[in-house]
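What follows is one structure encoded as structure tokens, with my remarks underneath.
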Amino acid sequence: MAGPSTAESTWGVCRFCGVAVAAGAEHCGICGAADPLPASQVAQAPRPVRRWVRLTHGLRVLVVVVVIVGLAYALVPAALSGPPKVADPLTTSGVYSISASHYALIVGNVTGGDFVVGNYSTMVPAGSSLEVAVYNSTGWSAFVNGTPTTPAWSLPAQPDARIIFSAPYTDTYYFVFENPYAASSALEVTAYIETQYESNVGDDGFG
């Protein structure tokens, strides 16, 4: 039957780096220093040795505390701020120059019941117009292939207007701002267009 273990039979202390050393070890497994102190001899070691061992213990504690504080500084703000905000492609603004019979396109996913709102206003030539049509993925495929199709939402040609589109179901939607003038007119329309995605269930960082 094994006898009770003693502190000396279980561990020692490195004279140089102060880490615990396995019982019976002749060298420190961390720094390689020779002749680690048995635990029973630490209290009787010379004062400079004891002071050095305490100092190394204190330094290790300090390093651990600094690491913990650093991690907390990096992680806590991220946890409090929640998930990162993802820029939605349907939240945008800019000036577009659209040549005759061509169009500008804004595309993005919309969750059913959510909204895309905004406005547009033609700038040059003064009083020129744009047509607006919103197509779902099926309607867009028909539109680009020249097949007759009905947009999910539309506005007639006019110089400026509000955009208020509510998605009936989740899909990819294509906002088409079309220059209605014939290609032979060579009339390029410059317009300011702004759109904003608005969730029907609050701000979730995306649609």
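Summary of values
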| quantity | calculated |
| --- | --- |
| In the range 116-143, the residues that are buried (at least 18 other Cβ atoms within 10 Å of the Cβ) and assigned to a strand (DSSP E or B) | VAL116, GLY118, TYR120, THR122, LEU130, VAL132, ALA133, VAL134, TYR135 |
| Some residue of the range 66-84 being under 30 Å from ILE163 (Cα atoms), at pLDDT below 70 and surrounded by fewer than 15 Cβ atoms within 10 Å (Cβ to Cβ) | yes |
| Number of the condition not met by ILE164 [criteria: (1) within 32 Å of the chain's Cα centre (by Cα); (2) surrounded by 14 or more Cβ atoms within 10 Å (Cβ to Cβ)] | (2) |
| Condition check for SER101: modelled with pLDDT of 75 or more and in a strand (DSSP E or B) | no |
| Residue satisfying condition, being in contact (Cβ under 8 Å) with a residue 24 or more places away in the chain, surrounded by fewer than 19 Cβ atoms within 10 Å (Cβ to Cβ) and closer than 16 Å to ILE106 by Cα, within set GLN158, GLN196 | GLN196 |
| Flag for VAL189 being modelled with pLDDT of 95 or more, crowded, with 17+ Cβ neighbours inside 10 Å and within 16 Å of ALA133 (Cα to Cα) | no |
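The values are calculated or read from the model by the stated rules, or taken from the named source; none is laboratory data. This one's a predicted model, so the numbers in the text were calculated from it and none came from an experiment. Neighbour counts run over all protein chains shown; Cβ positions are idealised from the backbone, glycine included.
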